[in-house]
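Participant: This is the structure, below, for whatever I ask next.
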Amino acid sequence: MSCLSISGAVLRTNARQRPYTESQPLRIEPLHLDPPQAHEVLVRITAAGLCHSDLSVIDGNRPRPLPMLLGHEAVGDVVDLGADVRDLAVGDQVVCSFVPSCGQCVPCATGRPALCEPAAVANGAGTLLGGGRRLRDAHGDVVHHHLGVSAFADHAVVSRRSLIRIDRSVPAPVAALFGCAVLTGVGAIANTAHLRLGETVLVTGLGGIGLAAVLGALAAGAGTVIAADVHEDKLAQATRLGAHHVVNTAAPDAAEQVRALTNGGVDVGVECAGVVAALEFTWRATRRGGRTVTAGLPHSSQQLALAPVQLVAEERSLQGSYLGGSVPVRDIPAYLALYQTGRLPVDRLLTHTLPLRDINVGFERLAAGAAVRQVVTF
Ligand SMILES: [Zn+2]
Ligand SMILES: [Zn+2]
């Protein structure tokens, strides 16, 4: 198969002014996509979600090599297989994981593929897992891959190790969410916090990941679920999804409100905002003996002030959660089964679908906090 002409949303310079509807940080460009090499797959993208991690690349909070074709939460259909790919077939529906798993490094071999070391190198360098780049612009210059996926385009070449085959019957706009929001949010509850039946949970930061964590806590049998954010409409959304209480973190006594609702603090606090103040609030609202989990990604220059004596004298823990501590090949089918049987209604996170040409409108809406999950459909 020869090189394919595609169009995709490319970021060339970051930290552009808002509103993005005017500064247009992403431009839809014609691109050349090389055929899949060994261990790679050509995927026709059917749906791709807009995530805060894309926004963090746009605004420079997560520096990445540019130019880059963004989009890392996606689903599509297999179109062509590179040499040596024998366990997928043309026509399969596949979800992309934004951390491929090499299967060989120490984290992969010990059941923690979210920490795959070659994947971290590839994702940082803007390559596929094998080290290559398959994207070029109209001048023939290299365009980097975003987290091994680059899904804001009609087609993508990705490593076989970024893909999880799923049931064909799941609608694409819903299936896309399993690649990031659902894996990260539900995984933070199930894999990182190891939630036990009846425990109290606080989720701070109610974007796609935070609201997925709320749904995950409910599905996993939490006793009381408290949702916290600074936006009243996000709190209302959490209530509609089944959160038992909401707390506006703009209130000076927000942590005291949580402690009063839970007789001294929650068993499990999960921070999904990527803001240090939100993590400090979540920490203060977690009880003695409780677990505080952080799944947000603040800028690497940010610091957290913490009294270590609390860790000891109160047997507290603070645990990071990347990709929900997931094993995607195990967890995506498991969470899909919960969705298909009505116990994890993640389709309710989907607030907008849009065409690729409106992508800057979508990112402005996300930056303004006016959307939960928006999905580009092709
Ligand atoms: Zn994401
Ligand atoms: Zn690995």
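Participant: Rounded to the nearest 0.05, what FRET efficiency is calculated for Arg12 and Arg343 with R0 set to 51 Å and r the Cβ-Cβ distance? Could you put the intermediate results ahead of the total?
Facilitator: Values: r = 43 Å, r/R0 = 0.84.
About 0.75, to the nearest 0.05.
Participant: Taking the simple approach of a point 7 Å from Cα along Cα-to-Cβ for both Leu66 and Ser2, what is their distance in nm?
Facilitator: Using points 7 Å along Cα→Cβ, the separation is 3.4 nm.
Participant: So, by mean Cβ neighbours within 10 angstrom, what's the order for 197-203, 142-148 with the highest one leading? Let's see the in-between values first.
Facilitator: Numbers: 197-203: 22.7, 142-148: 24.3.
My ranking of the peptides, most packed first, is 142-148, 197-203.
Participant: Now for a separate question. How high is the relative contact order of the chain? Use alpha-carbon pairs under 8 Å, at least six apart in sequence, and give a whole percent.
Facilitator: Answer for the chain is 18 percent.
Participant: Hey, another quick one. Assign one of three labels to region 3-81, namely rounded, prolate or oblate, based on the Cα gyration tensor with a ≥ b ≥ c the square roots of its eigenvalues; rounded applies when a/c is under 1.5, prolate when it is not and a/b is larger than b/c, and oblate otherwise.
Facilitator: On the way: a/c = 2.13, a/b = 1.95, b/c = 1.09.
Since a/c reaches 1.5 and a/b is larger than b/c, the shape of region 3-81 is classed as prolate.
Participant: When only alpha-carbon atoms count, how far does the chain stretch along each of its three principal axes, as whole angstroms with the largest first?
Facilitator: 64, 44, 38
Participant: In what sequence, highest mean first, do 333-344, 349-360 appear when ranked by Cβ atoms within 10 angstrom?
Facilitator: Details: 333-344: 15.9, 349-360: 17.8.
Final packing ranking: 349-360, 333-344.
Participant: Let me ask you something else. Of the accessible area of the chain, with the probe set at 1.4 angstrom, what percent is carbon plus sulfur?
Facilitator: 52
Participant: Still on this structure, I have one more. If the chain between Ala236 and Ala138 were fully stretched, how many nm would it gain, using 0.36 nm times the residue separation less the Cα-Cα distance? Display every interim value, and only then the final one.
Facilitator: Working: separation 98, 0.36 × 98 = 35.28 nm, distance 4.57 nm.
Separation in residues times 0.36 nm, less the Cα-Cα distance, equals 30.7 nm.
Participant: Average the reciprocal distances over every distinct pair of alpha-carbons in region 303-370, invert the result, and give the Kirkwood radius in Å. Each step should come with its number before you reach the end.
Facilitator: Details: mean 1/r = 0.0606 Å⁻¹.
With all distinct Cα pairs of region 303-370 included, I get 16.5 Å.
Participant: A follow-up question, please. Label points 7 Å out from Cα along the Cβ direction at His299 and Ala250: separation in nm?
Facilitator: Here the answer is 2.3 nm between the modelled labels.
Participant: In the chain, what percentage of the DSSP-assigned beta bridges are antiparallel, given to the nearest 5? Each step should come with its number before you reach the end.
Facilitator: Values: 39 of 66 bridges.
Roughly 60 percent of the beta bridges in the chain run antiparallel, per DSSP.
Participant: At a temperature of 4 °C and a viscosity of 1.567 mPa s, determine how fast region 51-123 diffuses translationally according to Stokes-Einstein, using the Kirkwood radius over alpha-carbon pairs as Rh; express D in µm²/s, rounded to the nearest whole number. Present the calculation step by step, with values, prior to reporting the outcome.
Facilitator: Numbers: Rh = 14.5 Å.
Here the translational diffusion coefficient equals 90 µm²/s.
Participant: Further question on the same structure: Which whole-number value in Å² is the accessible area per residue of the chain, probe 1.4 Å?
Facilitator: Accessible area per residue, the chain: 39 Å².
The values are calculated or read from the model by the stated rules, or taken from the named source; none is laboratory data. This is a predicted model, so every value here is computed, not measured. No Cβ is skipped: glycine too gets one built from the backbone with ideal geometry, and neighbour counts run over all protein chains shown. Please note that ligands, DNA and RNA were not included when accessible areas were found on the heavy atoms of the full protein model with its side chains. Shrake-Rupley method; radii C 1.70, N 1.55, O 1.52, S 1.80 Å.
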